[in-house]
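The values are calculated or read from the model by the stated rules, or taken from the named source; none is laboratory data. Model, not experiment: these values are computed from the prediction. Positions of Cβ are backbone-derived with ideal geometry, glycine not excepted, and every protein chain shown enters the neighbour counts. For the accessible areas, the whole protein counts, side chains as well, though only heavy atoms, and no ligand, DNA or RNA atoms are used. Shrake-Rupley method; radii C 1.70, N 1.55, O 1.52, S 1.80 Å.
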Amino acid sequence: MDTQVSTKMKILKPANEVFEAIVDPEKIGNFWFSRSSERWEQGKTVTLRYNEYNAQGDIKVLEVEENWQIVFSWGGYSQETVVKITLKELDSSTTIIEVNESGLKEDDPEIVNKMMGQKEGWVYTLTCLKGYLENGVNTLRASLAFL
């Protein structure tokens, strides 16, 4: 069973702007986490914080290729997954962003729910990124309700 989760979205901005929105701790708070402890660079462990959910976690940045790819792991030892974010610039004002998350355990009895949850999360994150970059909307982040 393939347990990889994939999501793609077109963003009407050049790849360098999409890339910077993710790796720059001053920008990430406009669409994803409340804050990032530092710039995402290969070999670093970065702490991400969600103030609204009183939650934080670390990611290990495994690979960074400027304006093209970011690879990181997260989720802790028993549930660690690897996320690969790839940017493909179609022209000077259009980028396709693709997120692939792998490493979910096939034998996990909750695998379907976890895969659906991760897919939902990535679609939501990319929607917030698109709203921020294309229209300056920074109020979508952390709007999901967990009741």
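Overview of values
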item: Part-to-part distance (alpha-carbon centres) for segment 35-50 and segment 110-133, which is given in Å; result: 20 Å
item: Top of ASP58, ASP24, ASP107 by mean-square fluctuation, Gaussian network on the chain, Cα under 10 Å; result: ASP107
item: Selection from PHE19, PHE33, GLY57 lying farthest towards where the dipole of the chain points positive, charges on Cβ; result: PHE33
item: Charged-residue dipole, Cβ positions (Lys, Arg, Asp, Glu), segment 7-147 about Cα centre, Debye nearest 20; result: 300 debye
item: Hydrodynamic radius by Kirkwood, which averages 1/r over all alpha carbon pairs of segment 1-76, in angstrom; result: 13.5 Å
item: Correct option for semi-axes √(5λ) of the Cα gyration tensor in Å [calculated from the coordinates] among [x] 23, 17, 16; [y] 21, 19, 13; [z] 38, 19, 13; result: [x]
item: Highest average packing first - 113-120, 126-133, Cβ atoms within 10 Å; result: 126-133, 113-120
item: Peptide ranges 14-20, 34-40, 88-94, 62-68 listed from the most packed, as the mean C-beta count within 10 angstrom indicates; result: 14-20, 34-40, 62-68, 88-94
item: Accessible area per residue, Å², the chain with all protein chains present, probe 1.4 Å; result: 55 Å²
item: Efficiency of FRET between LYS10 and ASP58 - r from beta-carbon atoms, R0 41 angstrom, step 0.05; result: 0.85
item: Portion, in percent, of the accessible area of the chain that falls on carbon or sulfur, probe 1.4 Å; result: 49 percent
item: Computed lengthening from SER37 to ASP24, 0.36 nm per intervening residue step minus Cα-Cα distance; result: 3.7 nm
